[in-house]
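K.L.:
For reference, the structure I am asking about is given below.
The values are calculated or read from the model by the stated rules, or taken from the named source; none is laboratory data. Computed from a predicted structure; not experimentally measured. Cβ sites come from the backbone with ideal geometry, for glycine too, and all protein chains shown count toward neighbours.
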Amino acid sequence: MKNISVKNYFTLTTIITLQLFILSFMPVFAENSETQSVSAASAAGDAQQPAEAVAAEIKTGAAAVTAAAITSEEVLQKVEDRYVGKTSKAAMKMILIDSTSGEKERSLTIYRQKIDNANLNNFQHFHSPSDMMNTTFLINEKDGSQEKFIYLPSFKKIRKIVSKDNNVRYVSSDFSYEDLDNFHAADYICEKLKEEKLDGEDVYIVECNKKSPDSQYSKFIFKISKEKELPLVALLHDKKSGSLIKQIENKKLKKVKNIWTPFEVEIKDVKNSSATKLVLEKIEYDLNLSADTFTQRNMEK
């Protein structure tokens, strides 16, 4: 298998991997003891203060304390815990866009299963074009231990993906094997949480890096929608240069069975001026899937 061409590798993301969400706020109130020792004159003046103004001050102070109490690590844990259905089946198109705006299109089906945070499965099956037909990709994670496999019909053999393949690109796309990893909050070390607006929407800014020395990235910046509870943008920085090399965006968000779902995911390679789009055509949540779906045996069918 050492002679497999990179362009034959299958690609896609879970950046279903990258579905993130935020903590719920719980009001925290603090009492200022100094207000109890004011002079009689001050107390008389305070007595004239409108009740609405006092309530507003209390609310503002509580919000400030609440925001300060939320950490990046807690936000990422909520990301991992987010309910996205026990299973799903998605029909998708993958569109590869080169630096001259030329396009190539592929079709595939993605099956996903989440038993709990430490037990997840993902199976992807390409249908077209002819040179990609029946290429399959499998991720099995049991008790927190993850394995990835790819099957290329032309070689009639299943190949296991290892950490040295992290930066390998698939089928001339802009995704790498590392981009397909299941998301776990404990894999990251984070900076202090920030907040801002993105296109008028309130977002959390989570800046972090992976604990694993095998990562090809030096820094991740996630911009997470507070309302939709998933990332609108993810910025990935190169481990060697520290510069931005990839940008991932979740677009055309719609609710399906009360789950915010991106109907388009776009990844841009900043250095090569190329891009890959994953366009969702149909998705079904909480299906009864065969136990054989997420097996190596199913890869060769």
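K.L.:
Is at least one residue of the stretch 104-127 outside any strand (DSSP E or B) and farther than 27 Å from K257 by Cβ?
P.N.:
Our first condition is that a residue be outside any strand (DSSP E or B); within the stretch 104-127, this holds for 117-118.
Subsequent filtering for residues that are farther than 27 Å from K257 by Cβ retains none.
Among the residues of the stretch 104-127, not one is outside any strand (DSSP E or B) and farther than 27 Å from K257 by Cβ, which makes the answer no.
K.L.:
Sticking with this structure for a sec: What residue, of E227, E196, is under 16 Å from the mean Cα position of the chain (by Cα) and surrounded by fewer than 18 Cβ atoms within 10 Å (Cβ to Cβ)? Full working, then the answer.
P.N.:
Values: E196 fails: under 16 Å from the mean Cα position of the chain (by Cα).
Selected residue: E227, the only one of E227, E196 that is under 16 Å from the mean Cα position of the chain (by Cα) and surrounded by fewer than 18 Cβ atoms within 10 Å (Cβ to Cβ).
K.L.:
From the list I95, I150, I158, which one is hydrophobic (A, V, I, L, M, F, W, C), under 26 Å from S274 (Cα atoms), surrounded by fewer than 21 Cβ atoms within 10 Å (Cβ to Cβ) and modelled with pLDDT of 95 or more?
P.N.:
I95
K.L.:
If you don't mind, another one. In this structure, is K197 in contact with a strand residue (DSSP E or B) (Cβ under 8 Å, 6 or more places away or on another chain) and free of Cβ contacts under 8 Å to residues at least 12 places away in the same chain? Walk me through how you get there before you give the answer.
P.N.:
On the way: in contact with a strand residue (DSSP E or B) (Cβ under 8 Å, 6 or more places away or on another chain): yes; free of Cβ contacts under 8 Å to residues at least 12 places away in the same chain: yes.
Yes.
Residues are listed down the side, and each one gets a yes or a no for (1) out of contact with any helix residue (DSSP H, G or I) (no Cβ under 6 Å at 6 or more places or on another chain); (2) under 30 Å from L244 (Cβ atoms); (3) modelled with pLDDT under 95; (4) among the hydrophobic types (A, V, I, L, M, F, W, C):
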{"site": "N258", "(1), (2), (3), (4)": "yes, no, yes, no"}
{"site": "E264", "(1), (2), (3), (4)": "yes, yes, no, no"}
{"site": "K268", "(1), (2), (3), (4)": "yes, yes, no, no"}
{"site": "N272", "(1), (2), (3), (4)": "yes, yes, yes, no"}
{"site": "L280", "(1), (2), (3), (4)": "yes, yes, no, yes"}
{"site": "N288", "(1), (2), (3), (4)": "yes, no, no, no"}
{"site": "T293", "(1), (2), (3), (4)": "yes, no, no, no"}
{"site": "Q296", "(1), (2), (3), (4)": "yes, no, no, no"}
{"site": "E300", "(1), (2), (3), (4)": "yes, no, yes, no"}
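K.L.:
Out of everything in the stretch 149-177 that is assigned to a strand (DSSP E or B) and of a type outside the set (V, I, T), what residue ends up being nearest to L236 (Cα to Cα)?
P.N.:
Just the residues of the stretch 149-177 that are assigned to a strand (DSSP E or B), to begin with: 149-152, 157-161, 169, 176.
Subset that is of a type outside the set (V, I, T): 149, 151-152, 157, 159-160, 169, 176.
Working: F149: 24, Y151: 28, L152: 29, K157: 32, R159: 27, K160: 25, R169: 15, S176: 12 Å.
If we take residues in the stretch 149-177 being assigned to a strand (DSSP E or B) and of a type outside the set (V, I, T), then S176 is nearest to L236 (Cα to Cα).
K.L.:
Next question, about the same structure. Is it the case that S130 is farther than 30 Å from V233 by Cβ, surrounded by fewer than 18 Cβ atoms within 10 Å (Cβ to Cβ) and not charged (D, E, K, R)?
P.N.:
Values: farther than 30 Å from V233 by Cβ: yes; surrounded by fewer than 18 Cβ atoms within 10 Å (Cβ to Cβ): yes; not charged (D, E, K, R): yes.
Taking the combined requirement at face value, the residue satisfies it.
K.L.:
Right, here's the next one. State which residue is farthest from K228 (Cα to Cα) when the search covers only the stretch 178-213 and only residues that are of a type in the set (D, E, K, R) and assigned to a strand (DSSP E or B).
P.N.:
Here is the first cut: in the stretch 178-213, the residues of a type in the set (D, E, K, R) are 178-179, 181, 187, 191-192, 194-197, 199, 201-202, 207, 210-211.
Remaining after also requiring assigned to a strand (DSSP E or B): 194-197, 201-202, 207, 210.
Values: K194: 17, E195: 15, E196: 15, K197: 14, E201: 10, D202: 10, E207: 19, K210: 25 Å.
This residue is K210.
K.L.:
If you go through the stretch 45-92, how many residues are among the small types (G, A, S), at pLDDT 85 or above, outside any strand (DSSP E or B) and over 30 Å from K194 (Cα atoms)?
P.N.:
Initial filter on the stretch 45-92 (among the small types (G, A, S)): 45, 47, 51, 53, 55-56, 61-64, 67-69, 72, 85, 88, 90-91.
Filter once more, keeping what is at pLDDT 85 or above: 72, 85, 88, 90-91.
Subset that is outside any strand (DSSP E or B): 72, 85.
Imposing the further condition that a residue be over 30 Å from K194 (Cα atoms) reduces the set to none.
Result for the stretch 45-92: 0.
K.L.:
Out of all the residues in the stretch 163-178, is one or more in contact with a Lys or Arg (Cβ under 9 Å, 6 or more places away or on another chain), within 30 Å of S99 (Cα to Cα) and either loosely packed, with under 13 Cβ neighbours inside 10 Å or among the hydrophobic types (A, V, I, L, M, F, W, C) (or both)?
P.N.:
yes
K.L.:
Does the stretch 272-284 include one or more residues that are farther than 29 Å from L152 by Cβ, touching a Lys or Arg at 6+ places or on another chain (Cβ under 9 Å) and of a type in the set (S, T, N, Q)? Spell out how you get there, then give the answer.
P.N.:
Narrowing the stretch 272-284 to residues farther than 29 Å from L152 by Cβ: none.
Looking through the stretch 272-284, none of the residues is farther than 29 Å from L152 by Cβ, touching a Lys or Arg at 6+ places or on another chain (Cβ under 9 Å) and of a type in the set (S, T, N, Q).
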